[in-house]
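Enquirer: Pasting a structure below so you can have a look.
Read-outs: derived from the displayed coordinates by stated rules, not from any lab. Quick caveat: nothing in here was measured; it's all calculated off a predicted structure. Positions of Cβ are generated from backbone atoms using ideal geometry, with glycine treated the same way; all protein chains shown enter the neighbour counts.
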């Protein structure tokens, strides 16, 4: 601090302008290191937040949910639903009379929403032209590196029930 | 035999410690972005090791901060 203040024999309270801008802006090593350490703490808080969200997501991941009745969706038709939480959009596709497939609608590339292309019989991401197989959710083309998470379905008394999320391999 | 005055050696140690903190911080920022990207992609397995590693990096930064604080005060005392 003393480097920036004019040497004066008068006491500080007698100075006409006791506050100097250069003094106020001066950052010493300890202050800079403290700032960097606090930034590191902020990064740790961010990681803990991700961990907390991840644990909360796991806790209600396996709860079954009725998605639709078997007659509700026509062949080649789709139904959108959310599973396991309201913030996880999914898509149910009836590919044949007795074939129902469900996937997460969130593209594993950059989280855009994928849709079903009936003409090409595949799932497509409009953001970066990622394409996924309707049979197993695997990547056919585009930038995604992981397959779409598949929603396991069970039939219970004429209804389709989502029972769990299956993460595909890389 | 080292003939550098103790104050100069102290300042060198401070500069080294601060540079190390900056490097650790860059690694931690990268770790957070990688963990977040993995979480948003639906992969939940990276959250626990990411949090543990981030905690270790923070403790290292905090240790270096204590070191800088102590050495800096000693250097200023002369």
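Enquirer: As an exercise, take the mean of 1/r over every pair of distinct alpha carbons in the protein assembly as shown, invert it, and state the Kirkwood radius in angstroms.
Expert: Its Kirkwood hydrodynamic radius stands at 22.7 Å.
Enquirer: When ranked by the protection proxy of mean other Cβ atoms within 10 Å per residue, highest first, what sequence do the peptides A:45-53, A:72-80 form?
Expert: Ranking, from highest mean packing down: A:45-53, A:72-80.
Enquirer: Figure the gain on full extension for residue B:37 and residue B:60 (residue separation times 0.36 nm, minus the Cα-Cα span) and round it to one decimal in nm.
Expert: Contour length minus Cα-Cα distance gives 5.8 nm.
Enquirer: What translational D, rounded to a whole number of µm²/s, comes out for chain B from Stokes-Einstein when the hydrodynamic radius is the Kirkwood one over Cα pairs, at 25 °C and 0.890 mPa s?
Expert: 169 µm²/s
Enquirer: Quote the FRET efficiency, to the nearest 0.05, computed for residue A:70 versus residue A:131 with a Förster distance R0 of 30 Å and r equal to the Cβ-Cβ distance.
Expert: 0.60
Enquirer: To the nearest 10 degrees, how steeply does helix A:29-59 sit against the main Cα axis of chain A, on a 0 to 90 scale?
Expert: Taking the Cα atoms of chain A, the angle to A:29-59 is about 20 degrees.
Enquirer: Once you have the Cα-Cα distance between residue A:79 and residue A:13, take 0.36 nm times their residue separation minus that, and quote the gain in nm to one decimal.
Expert: 16.2 nm
Enquirer: Let me ask something additional. Using the beta-carbon distance between residue B:13 and residue A:42 and R0 = 30 Å, what value does 1/(1 + (r/R0)^6) give for FRET efficiency, to the nearest 0.05?
Expert: Efficiency computed from Cβ-Cβ geometry: 0.70.
Enquirer: Oh, and also: Restricting to DSSP H runs of at least four residues, report the calculated mean residue ellipticity at 222 nm for chain B, -39500 (n - 2.57) per run over all residues, nearest 500 deg cm²/dmol.
Expert: Computed ellipticity for chain B at 222 nm equals -31000 deg cm²/dmol.
Enquirer: For the range A:107-170, state what percent of all Cα-Cα pairs lands in each successive 10 Å bin, counting from 0 Å until the bin that includes the largest distance.
Expert: Percent of Cα pairs in each bin: 23, 47, 25, 6, 0.
Enquirer: While we're on this one: Could you give the nm distance between label points at residue A:138 and residue B:27, where each point is 7 Å from its Cα heading toward the beta carbon?
Expert: 3.8 nm
Enquirer: Relative contact order for chain A using alpha-carbon pairs under 8 Å, separation at least 6, rounded to a whole percent?
Expert: Taking the mean separation of contacting Cα pairs over the length of chain A, I get 16 percent.
Enquirer: Given labels modelled 7 Å from the Cα in the Cβ direction, how far is it in nm from residue A:49 to residue B:77?
Expert: 4.1 nm
Enquirer: Assuming R0 = 30 Å, what is the FRET efficiency of residue A:86 and residue A:115, from their Cβ-Cβ distance, to the nearest 0.05?
Expert: 0.95
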